[in-house]
Amino acid sequence: MFCDKLNFIYIEMPKFNKTEEELETNFDKWLFAIKNLYKLDDIPGKLREGIFEKFFSIAEISKMDPSDRGNYENSLKYYRDINNVVTTAKGEGREEGKAEGKNDPQN
């Protein structure tokens, strides 16, 4: 035994044959999503939960062609840069306002 804290679980995906209507547990839902991802156009009704919606959105990004993916990543970088500039400006404005309020002789 290499390590008593490490376990391997093997899943034989071809033997998982549940339909969407038969899904009961989150484990069932994950197996269904992984096995059928290549042929799903929309998120199935039983998988309309936050974690699975995130899973499907990541899958959409990963299947983009290199050009579209580059455009997506550039757009995301631009959004994050603008968001950081605005957040920083708000923080600096608050600090400046607090400092002016403390130095105001009328207060």
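The table below gives the values:
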| read-out | value |
| --- | --- |
| 2 or more residues among the polar types (S, T, N, Q) and surrounded by 10 or more Cβ atoms within 10 Å (Cβ to Cβ): qualifying helices (runs of 4 or more DSSP H) within the chain | 26-36, 66-103 |
| Long-range neighbours under 9 Å by Cβ, at least six apart or interchain, first residue under 22 Å from residue 11 (Cα atoms) and at pLDDT below 90 within segment 32-56, second surrounded by 14 or more Cβ atoms within 10 Å (Cβ to Cβ) and hydroxyl-bearing (Ser, Thr, Tyr) | none |
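The values are calculated or read from the model by the stated rules, or taken from the named source; none is laboratory data. Predicted, not measured: the structure shown is a model, and the values here were computed from it. Reconstructed Cβ throughout: ideal geometry from the backbone, glycine too, with neighbour counts over all protein chains shown.
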